[in-house]
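The values are calculated or read from the model by the stated rules, or taken from the named source; none is laboratory data. On a predicted model such as this, the values are computed, not experimentally measured, just so you know. With ideal geometry, Cβ positions are generated from the backbone for all residues, glycine too; neighbour counts draw on all protein chains shown.
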Amino acid sequence: MKESVSVKQDYVMIMHNPVEDVYTYHVYHILDISIINNETIVNIQSKDENQNLKRFSMTDRKFYDLISSGFLTRLQE
């Protein structure tokens, strides 16, 4: 793998509140996957409630665990 690979894919996390029977969702835009100090990192961007951009990173293992457990779902184009 190169040092950084551009992904540019959106994922959504949907949460259900059973008391009010409402669903909320949060969209995460995956920017790229990079190797830093022999660790693979996923760089993510999202917006908060005020539409301010927020950026953060997580290990690829945590990212793939969120996908395989169903917490994150890839958005179709």
Just name the residue that is surrounded by the fewest Cβ atoms within 10 Å (Cβ to Cβ) out of those in region 29-76 that are among the β-branched types (Val, Ile, Thr) and under 11 Å from MET13 (Cβ atoms).
ILE67
Is one or more of the residues making up region 27-36 under 23 Å from GLU3 (Cα atoms) and out of contact with any strand residue (DSSP E or B) (no Cβ under 7 Å at 6 or more places or on another chain)?
yes
Look at HIS26 and say whether it is modelled with pLDDT under 95, surrounded by 13 or more Cβ atoms within 10 Å (Cβ to Cβ) and not in a loop (DSSP other than H, G, I, E, B).
yes
